[in-house]
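Remarks on the structure that follows.
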Amino acid sequence: MKKITKSEIRAVVDESYEKFKDEVGGKNADYIPFLAGVDSSLFGIAIALPDGDIIEKGDTSYVFGIESISKVPTAILAMEHYSAQEVMQKIGADATGLPFNSIMAILLENDHPSTPLVNSGAISAASMIKPVGDSDAKWRAITGFMAELCGSELVLLEKLYESESETNYNNRSIAWLLKNYDRIYDNPDLALDLYTRGCSLGVTARQLAIAGATVACRGVNPTTKKQVFKAENTTKVISLISTVGFYEHTGDWMYESGIPAKTGVGGGIMGIVPSGATPGGFGIAAFSPPLDSSGNSVRAQSSIKYIAQRLGINLFDSQEIVIEK
Ligand code: GLN
């Protein structure tokens, strides 16, 4: 069993911040024009602990675009509205090994969009959210659930939403291609718009850490103490994150960090340290806009990896198993 003190965590977070705050490399996403204009020097790290305490450093209250990290709450909500099994049947749970917006991935596996954590599967998951056909009510369900997961409301970044809606031609193709394969369970344009709006929600590193901790704590938000999703869906969502959280670089990430994490092109990363790996489990998030070639924040990756190594946390290493006679 692993024991870590809060002061150790605090010291390692501070160290990591100092070590990587001047790291250069990567560049802001520019295929969504709004994101190109965000200050590249922003950097924050936050950890949410199972008792609700937050350890944070840097720009942890800066509101940035959640982008693909929104795929996680939508996937959980689809499991809640149907079941983990039905999400598996309707969407799948397989890594594509290809970029997040790949059309090729859909063509290669035309019997399902692979996983709710790439664009195709996320648009499909948005189409599943109930009540089908009612865009406003679906939006309320998604944003309501995200607020419960993060412990506070997320606000729509209108300018980001506009910017993304005006330029999302690739995602429009995905929505209609999925319709062709009967993998859209509502109107394709409605599902695409919900997906785009979900990506355009503003979030802070602090909120992401709380959302990560809620997943780590089997659906109980450690700051509000509320059970916000069924405990039984925890292993399912963590398995999705572990297999495709970094798209085509997920294997490299898991090999180097040992922390299941989900990235977004807004520069955020939400990591989950499940309770199997440390008592209670916790959430770890970092944010900085410059990205590597597959759309993952450079400074956020470096800092989370460093913290995991210094604390000796690794999903594949830390479970205590006692085999009794
Ligand atoms: N909204 C973005 C897109 O669909 C999200 C991509 C991401 O964060 N990887 O392209």
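Here are a few things to note about the model shown:
- Scanning segment 147-176 for residues that are within 15 Å of the ligand (Cβ to nearest atom) and either surrounded by 17 or more Cβ atoms within 10 Å (Cβ to Cβ) or at pLDDT below 95 (or both) yields L154, L157, L160, Y161, S163, E164, N168, N171, I174, A175.
- Qualifying positions in segment 242-275 - among the β-branched types (V, I, T) and either under 23 Å from I103 (Cβ atoms) or free of Cβ contacts under 8 Å to residues at least 24 places away in the same chain (or both): T243, V244, T250, T263, V265
- Complete set of residues in segment 177-210 that are more than 15 Å from the ligand (Cβ to nearest atom) and either within 16 Å of the chain's Cα centre (by Cα) or aliphatic (A, V, I, L, M) (or both): I184, L190, T204, A205, R206, Q207, A209, I210
- The lone criterion from (1) part of a helix (DSSP H, G or I); (2) in contact with a Lys or Arg (Cβ under 9 Å, 6 or more places away or on another chain); (3) closer than 23 Å to S294 by Cα left unmet by P73 is number (2).
- Exactly one residue out of G280, G295, G271, G251 is under 18 Å from T235 (Cα atoms), surrounded by fewer than 24 Cβ atoms within 10 Å (Cβ to Cβ) and of a type outside the set (S, T, N, Q), and it is G280.
- Within segment 263-280, one or more residues are under 13 Å from the mean Cα position of the chain (by Cα), among the hydroxyl-bearing types (S, T, Y) and not in a loop (DSSP other than H, G, I, E, B).
- The set of residues in segment 25-48 being surrounded by 15 or more Cβ atoms within 10 Å (Cβ to Cβ) and either more than 16 Å from the ligand (Cβ to nearest atom) or aliphatic (A, V, I, L, M) (or both) consists of A29, I32, L35, V38, S40, L42, F43, G44, I45, A46, I47, A48.
- The requirement of being under 16 Å from V244 (Cβ atoms) and of a type in the set (S, T, Y) is satisfied by S70.
- Matching residues, segment 54-103, being farther than 26 Å from G144 by Cβ, of a type in the set (G, A, S) and within 16 Å of the ligand (Cβ to nearest atom): A95, G97, S102
- Selection within segment 171-206 - of a type outside the set (A, V, I, L, M, F, W, C), part of a helix (DSSP H, G or I), touching a helix residue (DSSP H, G or I) at 6+ places or on another chain (Cβ under 9 Å) and touching a residue at least 60 places away in the same chain (Cβ under 8 Å): N171, P188, Y195, G198, R206
- Conditions (1) within 16 Å of the ligand (Cβ to nearest atom); (2) more than 21 Å from G245 (Cα to Cα); (3) not in a helix (DSSP H, G or I): number failed by T115: (2)
- Any hit, segment 234-242, residues being small (G, A, S), under 16 Å from the mean Cα position of the chain (by Cα), at pLDDT 95 or above and buried (at least 24 other Cβ atoms within 10 Å of the Cβ): no
- The residue list D14, D94 contains one member that is among the charged types (D, E, K, R), within 30 Å of I129 (Cα to Cα), surrounded by fewer than 20 Cβ atoms within 10 Å (Cβ to Cβ) and in contact (Cβ under 8 Å) with a residue 40 or more places away in the chain, which is D94.
- Considering residues of segment 239-264 that are within 11 Å of the ligand (Cβ to nearest atom) and aromatic (F, W, Y) only, the residue farthest from V203 (Cα to Cα): Y247
The values are calculated or read from the model by the stated rules, or taken from the named source; none is laboratory data. Because the structure is a prediction, the values reported are computed rather than measured. A quick note on method: Cβ atoms are made from the backbone with ideal geometry, for glycine too, and the neighbour counts reach across all protein chains shown.
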